[in-house]
Amino acid sequence: MNQETLLFEPAQPQLGALKTVLAFPSTYSVGITSLGYQVVWATLAKRPDLDVRRLFTDQGDPPHRHCNLFGLSLSWELDAPVLLDLLEQQRIPLWAHERSNDDPLVFGGGPVLTANPEPLAPFLDVVLLGDGEDLLPAFIDALQQWRTAPRVELLRQLAKVPGIYVPSLYQPSYNDSGELIAVEPIEAGIPATISKQTWRGNTLSHSSVITPEAAWPSIHMVEVVRSCPELCRFCLASYLTLPFRTPSLDKGLIPAVELGLKVTKRLGLLGASVTQHPQFSELLSWLNQDQFDGTRVSASSVRAATVTPQLAKILAKRGSKSLTIAIESGSERMREVVNKKLATDEIFAAARYAKEGGLSALKLYGMAGLPTETDADIEATAELLIALKKATPGLRLSLGVSSFVPKAHTPFQWEGLRPEAEKRLKLLTKRLQPKGIELRPESYGWSVIQTLISRSDRRLAAVIVAVRGHHEQLGGWKKAYRELASQNQNHGVPLPAWQQLIHGNWQPSRCLPWDHLEGPLPKSTLLKHRNTSLTGL
């Protein structure tokens, strides 16, 4: 942490500043590579009314003897149990209801908690839903205004701030069968629903710190777009962050790039579909100037249909070796089902342009186990990769493939994880590895646990406590769930049946654990998108 170059000026904490810990549930190398974590840290550290220290699983800033405020950024479901280890390390009671006026206020944010915070809700005093640009300052301002109030009154006042969810002020209810039927306020004056907050400024985020110790060493990250206009029906990154937003080139992107390139020669252009920025070609031309010779530029996933010879040539000139595109499936039928809007000939053109531009590799991403998928669709994926290899000899191809996992606030939130995905991942391996195509499958077993966390309600909190120390083992999760299900310790409400929770296709009338949290699109619109994809209606 002593090799950092800061791109902002931290404030000098004033007398009485709230002693704050901002934690990340992984190592320093991983956490400091999270643009979201960097931006939250910089936002807080620029305030003189806070004294902010960072905490990772392997190291941290010099600790406070006692903190007033403990925050966590969560971007991956499987990191959830680490929150409890970090709380324990700080001597903070794990359960929110056990904390007194003398204990820190525990808050969380990030895409996992914005989508469905319920499995972790009993551990959190406050959840921040959505973009942090306006929400974080509003949260801290309200916290400072009411900091001397008793804890219950403080939480009551925070719950009135748009985008702030206080789980203790909401009570889930269940029917006799143990099915969730509502999550409702426990008293008058508390909003029945909480809306995700959306930043609408003409700038987006960029790195606040450069370090050679990051997972991507010495990289300056610049967010080129937020959300994605394509609306693939399974995609949390698209649906949860709507609307699609692009910063101004001259007032947003270029100043952000210039700031970082004063201290490093490595630039990462981030976003779900960076090439769909309306001025991306102008940005590329600007980066093609002689003044950027020696600068290495990389782009995160690009839309295959937007790959051009100019894009490949400039990225190759600027040190990139590969291009990454998401195809989801080699089957045109499946791509239509998920609303991919990508023709097979566009995939071949992207590979051809990548090779002609001087890139040496093309990384493709796909999925197995999508709704309505058959073995024939998986065969189509294998055939596409084999045909691509023949069509572009010398271009190294790799396919990263994951199982479909249902995500909250997407049209496929009602669809379960399909057991067939495990067999189909093996089928792809059998078909592609002998052809010299690198396959990087994600573990089906861990997709099961992702589904468990992404679909559950508050009853899972007891499982998360029980699995501590064994959360890195698949068997640990299943054992903890099985034992708690048999003990029926959730105040007389049984845990949902494993099969139905993980693999069940839920009825649209079912109460979802996140129904009281409003995403960008109403449930009726998501259902319409689902029906259009799966039934054509």
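The values are calculated or read from the model by the stated rules, or taken from the named source; none is laboratory data. If you're wondering where the values come from, they're calculated on a predicted model, not measured in any experiment. Don't worry about glycine lacking a Cβ; one is built from the backbone with ideal geometry, like all the others, and counts go over all protein chains shown. The protein model used for the area step is the full one, side chains on, heavy atoms only, and it has no ligands, DNA or RNA in it. Shrake-Rupley method; radii C 1.70, N 1.55, O 1.52, S 1.80 Å.
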Working with all protein chains in place, sort Met367, Met334, Met1 by solvent-accessible area computed with a 1.4 Å probe, largest first. Met1, Met367, Met334
Tell me which of Pro513, Tyr481, Ile502 sits at the most positive position along the dipole axis of segment 463-521, charges placed on C-beta atoms (Lys, Arg +1; Asp, Glu -1). Tyr481
Beta bridges per DSSP with both ends in the chain, % antiparallel, nearest 5: 20
Report, in debye and to the nearest 20, how large the dipole of segment 78-139 comes out about its Cα centre when Lys and Arg carry +1 and Asp and Glu carry -1 on their Cβ. 100
Along Cα→Cβ, 7 Å out, is where each label goes; now give me the distance between the ones at Glu346 and Ala182 in nm to one decimal. 4.5
Place +1 on the Cβ of every Lys and Arg and -1 on the Cβ of every Asp and Glu in the chain, take the dipole about the Cα centre, and give the residue among Met334, Thr193, Pro212 whose Cα lies farthest towards its positive end. Met334
Show me the trypsin sites (Lys or Arg not before Pro) within segment 82-173 that DSSP assigns to loop and that have at most 16 other Cβ atoms within 10 Å of their Cβ. Arg91, Arg147, Lys160
Below 8 Å between Cα atoms, with a sequence gap of 6+, how large is the relative contact order for segment 1-90 in percent? 38
Among the Cys residues of the chain, which have no other cysteine Cβ under 4.7 angstrom away? Cys67, Cys228, Cys511
Could you tell me which of rounded, prolate or oblate describes segment 25-105, using a ≥ b ≥ c as the square roots of the eigenvalues of the alpha-carbon gyration tensor, with rounded for a/c under 1.5 and, failing that, prolate when a/b is larger than b/c and oblate otherwise? oblate
Equivalent ellipsoid semi-axes - Cα gyration tensor, segment 1-140, angstrom: 21, 18, 16
So if I restrict to the alpha-carbon atoms in the chain, what is the Rg, and what is Dmax, the biggest pairwise distance, in Å? 23.5, 70
Measure off 7 Å from each Cα along the Cα-to-Cβ vector at Gln289 and Thr148, then give the distance between these two points in nanometres to one decimal. 5.4
Compare the Cα positions of Ala138, Asn116, Pro150 along the charge dipole of segment 113-162 (+1 at Cβ of Lys, Arg; -1 at Cβ of Asp, Glu; about the Cα centre) and return the one farthest towards the positive end. Pro150
Expressed in angstrom, Rg and Dmax over the Cα atoms of segment 262-329 are 11.8, 41
Output the relative contact order of the chain, whole-number percent, from Cα pairs under 8 angstrom with separation of 6+ residues. 13
Applying a 10 Å radius around every beta-carbon, put 72-82, 131-141 in order of their mean neighbour count, most first. 72-82, 131-141
On the Cα set of segment 65-185, report Rg and Dmax in Å, please. 14.4, 47
Karplus ³J(HN,Hα) for segment 114-131 (6.51 cos²θ - 1.76 cosθ + 1.60, θ = phi - 60°; Hz, whole; x = Gly/Pro) runs 5, 6, 8, x, 4, x, 9, 4, x, 9, 10, 7, 9, 10, 9, 9, x, 5
Kirkwood hydrodynamic radius of segment 84-131, Cα pairs, Å: 11.2
Taking only protein heavy atoms and a 1.4 Å probe, what accessible area per residue, in Å², does segment 67-138 have with all protein chains in place? 31
In vacuo Debye sum over C-alpha of segment 172-279, base-10 log of normalised intensity I(q)/I(0) at q = 0.22 Å⁻¹, listed in q order, is -1.16
Restricting to segment 192-340, what percent of DSSP beta bridges are antiparallel, rounded to 5? 15
Cα extents of segment 420-472 along the three principal axes, largest first, in whole Å? 46, 22, 12
Percentage relative contact order, segment 109-196, counting C-alpha pairs under 8 Å, at least six apart: 27
